[in-house]
Amino acid sequence: MAVAGLTPPEWSVQLIDETLGIPDYDEFERPDLVGMTAFTSQANRAYELAAYFRSRGIPVVMGGIHATMCVDEASSRVDSVVTREAEGVWEQVLTDVLAGRLQRRYDGGLAEIDEIRPARHDLLPPDYAFGAIQTTRGCQLNCNFCSVPIFNGSKYRQRPAADIVKEFRSIPENRVLIVDDNFVGTGAAQIRRAKELFRALADANTGKRWIGQVTVNFGDDEELMTLAKRSGCIGCFVGFESPTSEGLAEINKKFNVLKDRDLRASVRRIQAHGIMVVGSFMIGLDVDTPGIGDRIAAAADWYGVDNMNVLFYTPLPGTRLWDQMKGQHRIAMDSFPSDWQYYTLTYPVARHQTMSLSEIIAEMITCNGTYYSLRNIFWRMITGLIQGRSPFYGVIANFSSRRNSIAFARRYAKFEELEGWRFSRSGGTSGPRDNRGLLSDLAR
């Protein structure tokens, strides 16, 4: 949508999102150019589509985070790659296409804030539960597993509030996901900017409800939370990552516990404003030991988050974690590009230093089984009601997460059967184990 917003009006643009379904491309009018982007886990499908269009003589340009981090791989499968942000080069790409001199690579660098145009929300079908908008780029935290500072830089760039309000109004959906990686920011100037934006959104009275990704310091400022609620905030996603100080040190996110922060109190303050909190954690850090699944579930329960998202510690290309694990020969799923399909953060892809594949998977199943037991879901709903939060989103989120965790537990059995041999050098403390009993417990 963002690149469509950069495209001059003389170009006719059609946007296709295959997560909604795969169309019959043979029925489409022949395009002059195909532009595509993909997350790492979607790279294989992007390359399949590129081959399809290129076989018909249609040039293909690929951009986005995976193409930037794996530029040689992408370049061998498409006609041109745009690295990093497209604002500074997209006009030149289109000019070169028309002139028949498309270059193999364009380096977009980081866009100036006045170059960022509103996304083309009008091009999307009316099939989304949430619309989406980006209001900032960049993140200063520099966590070792994250590719945002490499792709968008560590400088926090903020779009003007008036531009954001205008784009907000253009979004057809009544619920909006603010996709910024660190929406509120961490510094005083960034907090002031967030307050300015919240005031502008509240004054605009768009009638929309939104959720966004924030750091836990969101709960430090009463005025900030009050304004966020007035502007339509119904929920926030907070990356707690690890329940231990050793884990936070490993991933370089000590920010969470600066000044001996009481994370439970931070969550409670946010919820007191009627804002739901989704807590994110990771399993598979080097410091993790058997029992980490139970410890994460206990931490999420103690913090009092409304929903929990647990992912496997995943070395994504371009990150410091990737460089570290590659240097240690620990990346088990390394047959590329086919193995990119597993880089969804929902499968283990690297060998743990002390735990086997079966043990890591068992920790994930145990964590989800404990947190998403029917009893615990029930008590979270009651607690939310008592504290004045609407149960609607919480019920949907909890039962959706429970259903997904049960489905993934079944997929893990197949994954172990097909790919377990690739993790054999992990040095795990035990051999393969039967996790069917855990699956049975999870389904209760």
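The values are calculated or read from the model by the stated rules, or taken from the named source; none is laboratory data. Nothing here was measured: the structure is a model prediction, and the numbers come from that model. Positions of Cβ are generated from backbone atoms using ideal geometry, with glycine treated the same way; all protein chains shown enter the neighbour counts.
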So residue 50, is it buried (at least 20 other Cβ atoms within 10 Å of the Cβ), touching a Gly at 6+ places or on another chain (Cβ under 7 Å) and not β-branched (Val, Ile, Thr): no
Residue within region 70-87 that is within 18 Å of residue 109 (Cβ to Cβ), touching a strand residue (DSSP E or B) at 6+ places or on another chain (Cβ under 9 Å) and charged (D, E, K, R) present: yes
Tally, over region 247-283, of residues that are of a type outside the set (Val, Ile, Thr), crowded, with 21+ Cβ neighbours inside 10 Å and not in a helix (DSSP H, G or I): 5
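Go over the candidates 206, 136, 226, 215 one by one and state the one that is β-branched (Val, Ile, Thr) and surrounded by fewer than 16 Cβ atoms within 10 Å (Cβ to Cβ). Before the answer, list the steps.
On the way: 206 fails: surrounded by fewer than 16 Cβ atoms within 10 Å (Cβ to Cβ); 136 fails: surrounded by fewer than 16 Cβ atoms within 10 Å (Cβ to Cβ); 215 fails: surrounded by fewer than 16 Cβ atoms within 10 Å (Cβ to Cβ).
After ruling out the rest, the residue left standing is 226.
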Region 15-26: number of residues that are in a helix (DSSP H, G or I) and either of a type in the set (D, E, K, R) or modelled with pLDDT of 95 or more (or both): 3
Unmet criterion (only one of (1) small (Gly, Ala, Ser); (2) under 23 Å from residue 211 (Cβ atoms); (3) modelled with pLDDT of 95 or more) for residue 75: (2)
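Going by the conditions given, is residue 81 buried (at least 22 other Cβ atoms within 10 Å of the Cβ) and β-branched (Val, Ile, Thr)?
On the way: buried (at least 22 other Cβ atoms within 10 Å of the Cβ): yes; β-branched (Val, Ile, Thr): yes.
When the stated conditions are applied, residue 81 passes them.
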Any chance residue 86 is modelled with pLDDT of 95 or more, surrounded by 15 or more Cβ atoms within 10 Å (Cβ to Cβ) and more than 21 Å from residue 153 (Cα to Cα): no
Hey, residue 354 touching a helix residue (DSSP H, G or I) at 6+ places or on another chain (Cβ under 9 Å), farther than 29 Å from residue 68 by Cβ and of a type in the set (S, T, N, Q) or not: yes
Strands (runs of 3 or more DSSP E) contained entirely in region 114-222, each with at least 1 residues that are over 15 Å from the mean Cα position of the chain (by Cα), farther than 30 Å from residue 11 by Cα and at pLDDT below 95: none
Residue match in region 308-317 (condition: out of contact with any strand residue (DSSP E or B) (no Cβ under 9 Å at 6 or more places or on another chain) and closer than 23 Å to residue 65 by Cβ): yes
Residue count for region 1-16, restricted to those that are within 21 Å of the chain's Cα centre (by Cα) and either over 16 Å from residue 126 (Cβ atoms) or surrounded by fewer than 13 Cβ atoms within 10 Å (Cβ to Cβ) (or both): 2
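Just checking, does region 262-280 include any residue being within 18 Å of residue 325 (Cβ to Cβ) and either touching a His at 6+ places or on another chain (Cβ under 6 Å) or aliphatic (A, V, I, L, M) (or both)?
No, region 262-280 contains no residue that is within 18 Å of residue 325 (Cβ to Cβ) and either touching a His at 6+ places or on another chain (Cβ under 6 Å) or aliphatic (A, V, I, L, M) (or both).
Name the residue, out of 51, 2, that is small (Gly, Ala, Ser) and either touching a strand residue (DSSP E or B) at 6+ places or on another chain (Cβ under 8 Å) or more than 25 Å from residue 333 (Cα to Cα) (or both).
Numbers: 51 fails: either touching a strand residue (DSSP E or B) at 6+ places or on another chain (Cβ under 8 Å) or more than 25 Å from residue 333 (Cα to Cα) (or both).
On inspection, the qualifying residue turns out to be 2.
Could we say that residue 333 is in a loop (DSSP other than H, G, I, E, B), under 22 Å from the mean Cα position of the chain (by Cα) and modelled with pLDDT of 95 or more here? Working first, answer last.
On the way: in a loop (DSSP other than H, G, I, E, B): yes; under 22 Å from the mean Cα position of the chain (by Cα): yes; modelled with pLDDT of 95 or more: yes.
So residue 333 fits the description; yes.
Would you check which residues across region 295-309 are surrounded by fewer than 23 Cβ atoms within 10 Å (Cβ to Cβ) and within 19 Å of residue 398 (Cβ to Cβ) and list them?
Result: 298, 299, 301, 302, 303, 304, 309.
Being among the charged types (D, E, K, R) and touching a Cys at 6+ places or on another chain (Cβ under 6 Å) narrows it down to one residue among 253, 229; which is it?
Details: 229 fails: touching a Cys at 6+ places or on another chain (Cβ under 6 Å).
After applying the criteria, what remains is 253.
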Residue that is surrounded by the fewest Cβ atoms within 10 Å (Cβ to Cβ) [pool: residues in region 231-246 that are of a type outside the set (A, V, I, L, M) and assigned to a strand (DSSP E or B)]: 237
In region 27-72, the residues that are assigned to a loop (DSSP other than H, G, I, E, B) and under 20 Å from residue 315 (Cα atoms): 38, 39, 64, 70
Region 373-396 residues that are modelled with pLDDT under 90, paired with ones that are polar (S, T, N, Q) (beta carbon under 7 Å, 6 or more apart): 387/271; 389/271; 394/307
